[in-house]
Structures are given as C-alpha cells and as structure tokens.
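Read the structure below first, then the notes.
Rule-based calculations on the coordinates, nothing more; no lab input. Values in this document were obtained by computation on a predicted structure and should not be read as measured data. Cβ placement follows ideal geometry from the backbone for every residue including glycine, while neighbour counts extend to all protein chains displayed.
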Amino acid sequence: MSDSLQLILEDTDGTQLETSCTRFAVIWQGKEVWIQQDGRGQLIIGVDVEEGDAEYANLLLRPLATNLVSLELEMEPAEVDDEHVHGPDCGHDH
C-alpha cells in the first residue's frame, strides 16, 4: 500500500489543483495539524507540540451526520510532571 496521499486543493472560485504528498499540515488556530497515512489505509492526525509550550492540543472528533464529522482543537494547560517515564507511547522524541 502506498503512503502517498492524493490531494485536491480548491480555491474560493472553485479552481481545483490535484497533487500528492506523503503528509501535509493545516495551520489551524496557530497550531500545525499534520495528516498522513499509517501504511494500513488509515489516517493519522496529530498536532505538533513545541518545546516550552504552555498548552497541549487535544483533537476531538464528533459525528455530525452519516457522512460528516466535526474536528475540534481544544487546548489544555501543560502540566510539568517530573516523574514522567518515557515509553514507546508517550509521544516524545527520544
């Protein structure tokens, strides 16, 4: 299975541009929201966290209708946890 995403970008006048990439980001509420394939046909959506950020972003996905969902970006304060143990699922680069 290909990791390439086929994108259609559309301007306000309806002009479409087709392109492809392995991942892309949308700047939303000042945060980079990255979208990529996981190699199994699913999409991975994540928000970049910068060193020293005072808040973490949570993505909330809610169904709206049969074929629509709502994606919300909710910020929560970053807590300093001196006892954090880095593991394979912690989301930190190490």
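Data for the structure
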read-out	value
Amide H contacts under 5 Å for VAL49, placed H, 5+ residues apart	none
Percentage of interatomic Cα-Cα distances in the range 5-77 larger than 16 Å	63
Fewest-first ranking of ILE35, ILE27, ILE44, using other Cβ atoms within 10 Å as the exposure measure	ILE27, ILE44, ILE35
ALA25 paired with GLU76, simple spin-label distance in nm, labels 7 Å along Cα-to-beta-carbon	2.3
